[in-house]
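First the structure, in the form of structure tokens, and then the observations on it.
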Amino acid sequence: MQTSSVWKNRLALVSGGTSGLGKHLVLELARQNSRLAIVGRDLGRLEVTRDEALEAGAASVDVFSIDVTRIDRMREPTMETSVEGHPSSSSVDQSSDEECGRFRDFLARERCELLINAVGRSDRGELQNLSPASVRELFDINVLSSLSMTQLSWDSLRRGSGTVVNIASLAGLVAGPNMGGYSIAKHGLVAMHRQWRSESSGSGVHFLLVCPGPIDRPDSDDRYTQLAAQRGLDSSVAKPGGGVRLKRLNPERLSRQILAAAHSRELELVLPAKARWLAALMPLWPSWADRLLRNSMRR
């Protein structure tokens, strides 16, 4: 699949665009000469990604150093000091408030045609040892960040008849063992996405759900080795997909597939293709689906 130019000079907003699949999507959009807005926590990484995107051909790049898990705690530009008993605006870092205000101003004058929610984090662990605090953190990162970004961008998306792409995971459709709170959070993201889709009819905003399997990256085999060892898990659990035998997806090809699906306003993209059968089988014949999943785990 060759790079197209369907997103040329169109505004694309990417949260979580400085690493992983999010960065690959940013660079593919840049190759299509898109106008980019990138949101992330680390200003240094944002600036590096901005420079790489401009070099790759982006028409323009704006960056916003914002923790998307804290957007709902950042005050509106016109908000006064809060009433007694509630957190005051002084409890939130002023520079974060100012950056969020700058982002709101940007959205107020722009027509966003594509929002990609790519913020996420995986996990490893057994449910019996899972702390509620870790689940809350994963839920904040994988679910509430996407909710906040979509809410904040909603008016801009409506003006641009835009598409919202939520990057979930196969783990959001099929729960595998030893994935800690990741499957819980990604199932939550899938549910939230589908509710957005059902409630947005007539708004002009389209929603695309992306559920990819393991993605190939340089540190694929080592990212969770230490975490799995700390939690007393078999080393195979640290592998991509928690040890499920699936071909790793090429992130550049996957990025092109996602952007093509967003352009054609598809509803859901599940990859690799053979995983769609397992996802479809799970609610229809769960015992067989469980058996297939167990058989696919590495020994």
Quick check: residue separation of ARG102 and SER198 times 0.36 nm, minus the Cα distance between them. What number comes out in nm? 31.5 nm
Given a Förster distance of 30 Å, the FRET efficiency implied by the Cβ-Cβ spacing of ALA280 and SER235, rounded to the nearest 0.05, works out to 0.45
Return, ordered by residue number, the residues of the stretch 119-143 whose backbone nitrogen is under 19 Å from a label point located 7 Å along Cα→Cβ of THR225. 122-125
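Taking square-rooted eigenvalues a ≥ b ≥ c of the alpha carbon gyration tensor, is the stretch 99-249 rounded, prolate or oblate, where a/c under 1.5 means rounded and, failing that, a/b exceeding b/c means prolate? It would help to have the intermediate numbers written out before the result.
Numbers: a/c = 2.27, a/b = 2.11, b/c = 1.08.
Taking the square roots of the gyration eigenvalues as a ≥ b ≥ c, the stretch 99-249 is prolate.
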Suppose R0 equals 51 Å. What FRET efficiency, 1/(1 + (r/R0)^6) with r the Cβ-Cβ distance, do ARG291 and ASP72 give to the nearest 0.05? 0.75
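None of the figures in this text is laboratory data; all of them are computed from the coordinates on show. Source: prediction; values computed, not measured. Please note: Cβ atoms are built from the backbone with ideal geometry, for glycine as well, and neighbour counts cover all protein chains shown.
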